[in-house]
Amino acid sequence: MEKGLISVDRWAEGSQAYFLTNLHTDHTQGLSSTWAMAPIFCSRVTAKLFPFKFPNFNLSLLRVLDLGSWHSLSLISPSTGSKVTVQVMAIDAYHCPGAVMFLFRGEFGCMLNTGDFRWEKNCERAKLAKEMLLNALKDDAVDVLYLDNTYCNPTFQFPTREVAAKQVADIISSHPDHDIVVGIDTLGKEDLLLHISNALNVKIWVWPERLQTMHILGFHDIFTTDTSLTRVRAIPRYSFSINTLEGLNRMHPTIGIIPSGLPWVVKPFEGNGKLFDSLLTSGYNRSKVSSEGGKQNDKSNGNLESVKRFHKYVYSVQYSGHSSYLEIEEFIKLVQPTSMKGIVSSSSCNVDPFYYFGRICGINQPSQKLDNEHQTFGRGGYTGIEKKRKRVGRLGFYLSRVTVMRRGRKGIKLDEN
């Protein structure tokens, strides 16, 4: 596609139409309440949440794309001045509320940008999205796939969100005399909180701004800002710290739970290895993968290793809104792209998606390290590769390269390669 037409999750000047896959901060670096360069296309849910994140934004710039419908854009070629027609469809990415993929087609061919996504194997919502994508493609081939390669490495195997949510509920129910704090972002993991509420018949405390978001999303009865009504609190992840938990434990026994696909800490808590006696003993199996082949064991419903106690007050549960390695592989098999590029400038091991998945596209296995083109083509912002993990805050936790890179501005301009 010619330069100067479209940008996805990138907000620099120079495009005629901009597309927002989701409202997480790493996708909106460069957006502000005064941004006014061109129309922004997004999902209906994102449009509802947009003025809360960007007060006083000129909402006339927002263009809502309903899921599963083709929309035509009439743009102008910067090089020839002639009319260029681009068709686009939004498809549910099932990452956070409002998150979508964008499927583009035109004279340039067919391109799919996944944004951040997770399509779990037996998830009904994911099945509907797959059908929507396949029906939209029909006999068309995806010429270029822009892929969420956050966990594009065989080391990243974790359970489905349904299983991880049950694990979180098990941790809470096994501590009936404790207060509970769960570290979450300003958007996302609502399904986890709903599961906790339904499984344990409790309300969930959230901070006032998060409560407003919940109300916008239609959740009015489950969440509260009254701490006297519940022992389970969802707090901003940036405020989750050992110091905070130690302070809370001086007043009342409290444990913290971190739901994330990332390995957050250096090593597990060196105490009693048992999590909570007989709970979580339902024999999970871990899948093994390699660059030559896919899964050796398909029973990747979760495992005891996905729940770790890293401190006497802290549990880590691998609840992720991003696809695991095997889910990425299944998605690429579904799409069968001619070419693909990772939208994260660097994965945790600097892996080009072609390294593990080129065989699916009929491409010989390239070098594992991303070349300069892939480093600069992704979500932008970073020009180099972080080679060391960085310590964050007083938790003693480490951010992997994935997290460091995800702090940078993300997005792409759809250009000719």
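The values are calculated or read from the model by the stated rules, or taken from the named source; none is laboratory data. Fair warning: this is a prediction, and the values are worked out from it, not measured in the lab. When we count neighbours, we look across all protein chains shown, and the Cβ atoms used for this are built from the backbone with ideal geometry, even at glycine. Ligands, DNA and RNA are excluded from the accessible area calculation, which covers all protein heavy atoms including side chains. Shrake-Rupley method; radii C 1.70, N 1.55, O 1.52, S 1.80 Å.
With one equal scatterer per alpha carbon and no solvent term, the Debye-computed log10 I(q)/I(0) for the stretch 31-127 at 0.10, 0.16, 0.17, 0.20 1/Å reads -0.33, -0.80, -0.88, -1.10. Extension gain, Ser173 to Ser33, is 46.1 nm, computed as 0.36 nm per intervening residue step minus the present C-alpha separation.
Sorting check: for 51-60, 87-96, which peptide has the highest mean count of neighbouring beta carbons within 10 Å, and how do the rest follow?
So the peptides 51-60, 87-96, ranked by packing, come out 87-96, 51-60.
Proximity of backbone amide H atoms, modeled 1.01 Å from N, is registered between Val84 and Leu75, Ile76, Ser77 at under 5 Å, excluding neighbours fewer than 5 places apart on the same chain. Computed over neighbours whose Cβ is under 13 Å from that of Ala47, the net charge equals +3, Lys and Arg +1, Asp and Glu -1. The order of the peptides 34-44, 310-320 by mean Cβ neighbours within 10 Å, most packed first, is 310-320, 34-44. The share of alpha-carbon pairs in the stretch 157-218 lying farther apart than 20 Å comes to 28%. Placing dummy labels 7 Å off each Cα toward the beta-carbon, the span from Ala141 to Asn201 is 5.8 nm. Per-residue 3J(HN,Hα) values for the stretch 137-142, derived from phi via the Karplus relation 6.51 cos²θ - 1.76 cosθ + 1.60 with θ = phi - 60°, read 6, 6, 9, 6, 9, 7 Hz in sequence order (x marks Gly and Pro). Inter-label distance, Glu246 to Asn56: 4.2 nm, where each label sits 7 Å from its Cα along the C-beta direction. Per-residue Karplus couplings for the stretch 64-70, computed as 6.51 cos²θ - 1.76 cosθ + 1.60 with θ equal to phi - 60°, are listed in order as 7, 10, 6, 5, x, 10, 6 Hz, Gly and Pro entered as x. Can you list residues from other chains, or at least 5 along the same chain, whose modelled amide H is less than 5 Å from the amide H of Gly342? Placed amide hydrogens put Leu147 under 5 Å from Gly342.
DSSP assigns beta bridges within the stretch 25-102; of those with both partners inside it, close to 65 percent run antiparallel. Taking a sphere under 11 Å around the Cβ of Leu193 and counting the other residues whose Cβ falls inside, with K and R at +1 and D and E at -1, yields a net charge of +2. As an equivalent ellipsoid, the stretch 69-219 spans semi-axes of 39, 18, 13 angstrom, where each value is the square root of five times an eigenvalue of the C-alpha gyration tensor, largest first. At a probe radius of 1.4 angstrom, the accessible area of the stretch 6-48 per residue rounds to 34 square angstrom. In this simple spin-label approximation, Leu67 and Cys123 carry label points 7 Å from Cα along the Cα→Cβ vector, and these lie 1.1 nm apart.
Around the amide H of Ile184, modelled in the peptide plane, lie the amide H atoms of Ile235, Arg237, all under 5 Å away and 5 or more residues distant in sequence or on another chain. Derived scalar couplings between HN and Hα for the stretch 49-58 equal 7, 4, x, 6, 7, 10, x, 6, 5, 6 Hz in order, rounded to whole Hz, by the Karplus curve 6.51 cos²θ - 1.76 cosθ + 1.60 (θ = phi - 60°), x for Gly and Pro. What a 1.4 Å probe finds exposed on the stretch 180-247 is 50% carbon and sulfur by accessible area, rounded to a whole percent.
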